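Trainee: Here it is, the structure, as structure tokens.
FYI, it's all coordinate maths here, none of it is from the lab. All of these numbers come straight from a predicted model, not from anything done at the bench. Here the Cβ is made from the backbone with ideal geometry for all residues, glycine too, and neighbour counts use every protein chain on show.
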Amino acid sequence: MSNRDYSILVVGLDGATFDLMLPWIDEGHLPCLGGLLDRGTHSRLASTVPPITPCAWSSFMTGKNPGKHGLFDFVEPVPGSHGFQFTNASCRHGESIWGYLSRLQRRVGVVNVPMTYPPEEVNGYLISGLDTPHEHSQYTYPAEIKQELKDASIDYRIDLQHLGNMRTDARRQSFLDETFAAESARTESLLHLSQKYPADFRMIVYGATDQVQHHFWHYMDPNHDKFDAEGAKTFNNAIRDTYIHVDGLMSSLLEKCDEKTIVVVMSDHGFGPTTNVRLRLNQILETAGLLKFVEEKSAGRLKRVLAGALDGLLRSTLSSDAKRTIAGLFPRLRVWFESLDEAEVDWDRTQAYVNEAYRSSPAIWMNKSGAQQDNNTDEVIDEVEKILRLVVDPQTKEPLIGNVYRTRDLYHGPYADNAPELLPSWWEDGFLLDQSIPGGPEELRGEISTHPIQGGVEFAGSHRIDGVFMMAGGPVHSGLELAGADITDVTPTMLYLMGMPVPSDMDGRVLTECLDDEFVKQNPIEYADPESGSDDENQKQTQSFTDDESTLIAQRLQALGYIK
């Protein structure tokens, strides 16, 4: 059979992990996923370093390492300053799989893949994902798809009302109910559009698995440093029930697939518990003499403390919709509060720093401006790595940071230099980032957090490097477990199965070991040179968020727990 006869359905389970899935499959809770496991191939899927949503999904959709697509995180430095701005799909270089297929006249349908806003023109339809600012944004291509879904009585939601406001059991339950309803609406949308606009390649991403694991892990795991035994009476099965809900939605999608559809299930990264360790990395750099804070007068310090207290009060008492409304009406006021919450850095005397307002993926940046621009960066990087490896757990006195990764060893390509210089291994060690306090202790140590987890704004679980990959149908082997699959391998493999040439600049490979030998022999892999003009860097323009859109994105990421 020719590989050109196959269509593809990709189901993304954001943050899904086999550590949870496989036991629940064995217990019979996930029949759809269990069926795919039996009749297909599966493998742990190595994510990007760091295993963070924008970086990982971008590597999936392009088949390239971050040094080639240039999208490293939810934030990136503002050129010519020490500030940061939020990223979106326009910050990504390299062609997406649906862009490539569209250019070659194959039909596509894409729903809720992160880092797809603003939606690109495709031969089919696309509904953008997590980086969409608001439900009033133009998040569909073509534009009329949004109204078409409304006319079909599908309540497609971008924002969840209780996200970031889970201070009571009632609000936590409302968040779960909303999340399940939102995922059901996304499934309805794909089913509706699939019937009206048949496509050769379709994809949907469910974000619920990621969000619920972030905020409910400490109810499920009795070994968690902050296990909540009382809350577990109600929410012990919240994560399992989320997987069960998504498994049921997948069943409705697979019921509509014919025998020539190959089904791919994947996640952008895995998941695991956080610890009770908190690191104030700028404070550690200050202790090592690599960062200096501006000396703050007592009046300024009091003003900052009062503003922080007021900000915390508002966050804990207002609903998400109320906070979003206030943020939209007073964006400058919100920025004022947040800037006061951060100690000011003396840039002329600082060699390395961390953006501590963005706490989910701490990275070390070298200061290459002003009085520091002529410093020997390699010597500073060596010194920072040495210091990070000396940081200890205050209780055990053991090293807290297991690995310090140099991005120049991880990435290659024209945008590799846009990455931060060092990445402490938070995804391996489970620590979280806290705001630094100038003039802190002179020891290179972390701190132990003893307060209960603040619902909606503090992680109970966080990312791990190993995601999931499952594939079934067509020439795919049944009951096979692979090792060594990488997130960049998924797109080349799907292109091959669709009978398409694989662009030669992709870093991933075709996973031929999971396919029938005779099929591979009869269908040799074809490669294509990158199409000139397919991603013309001289014409590519980043579509930055407006101030109001940035405020809304900040609101969502803050509610998710990614930023302070």
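Trainee: For 545, 469, what's the fewest-to-most ordering of other Cβ within 10 Å of each Cβ?
Mentor: On the way: 545 22, 469 26.
Least to most surrounded, the residues fall as 545, 469.
Trainee: I would also like to ask the following. What number in nm² do you get for the chain if you take the convex hull of its Cα atoms and divide its surface by four?
Mentor: 25.3
Trainee: What value, in deg cm²/dmol to 500, does the helix sum -39500 (n - 2.57) over DSSP H runs of n ≥ 4 give at 222 nm once divided by the residues of the chain?
Mentor: -11000 deg cm²/dmol
Trainee: Check cross-link reach from residue 196 to the aspartates and glutamates: straight Cα distance under 19 Å, and skip same-chain residues fewer than eight apart.
Mentor: 121, 144, 148, 151, 155, 188, 255, 258
Trainee: Would you order 196, 397 from fewest to most other beta-carbon atoms within 10 Å of each residue's own beta-carbon? If you can, show how the numbers build up before the last one.
Mentor: On the way: 196 12, 397 9.
Ranked by crowding around the Cβ, least crowded first: 397, 196.
Trainee: For the stretch 19-160, rounded, prolate or oblate, judged on the Cα gyration tensor with a ≥ b ≥ c (square roots of eigenvalues), a/c < 1.5 rounded, else prolate if a/b > b/c? Provide the component values of the computation, followed by the final result.
Mentor: On the way: a/c = 1.62, a/b = 1.18, b/c = 1.37.
Oblate shape, in that a/c is at least 1.5 and b/c is the bigger or equal ratio.
Trainee: Report the far tail of the P(r) of the stretch 186-239, meaning the percent of Cα-Cα pairs longer than 12 Å. List each step's numbers first, then the result.
Mentor: Values: 994 of 1431 pairs.
Tail of the P(r) past 12 Å holds 69 percent of the pairs.
Trainee: Quick check on my link table: of 233/397; 64/368; 226/397; 64/260; 68/386, which ones sit more than 32 Å apart, alpha carbon to alpha carbon?
Mentor: In this structure, 233/397 exceed 32 Å between Cα atoms.
Trainee: What's the center-to-center distance, using Cα atoms, between the stretch 107-152 and the stretch 1-79 in Å?
Mentor: The stretch 107-152 and the stretch 1-79 have Cα centres separated by 21 Å.
Trainee: Considering only DSSP beta bridges whose two residues both sit in the chain, what percent are antiparallel, to the nearest 5?
Mentor: 50
Trainee: Still on this model: Based only on Cα atoms, what mean projected area does the convex hull of the stretch 103-226 have, in nm²? Don't jump to the answer; show the numbers that get you there.
Mentor: Values: hull surface 36.3 nm².
Reported value for the Cα convex hull: 9.1 nm².
Trainee: Also: Could you put 190, 410, 163 in order, starting from the residue whose Cβ has the fewest other Cβ atoms within 10 Å?
Mentor: 410, 163, 190
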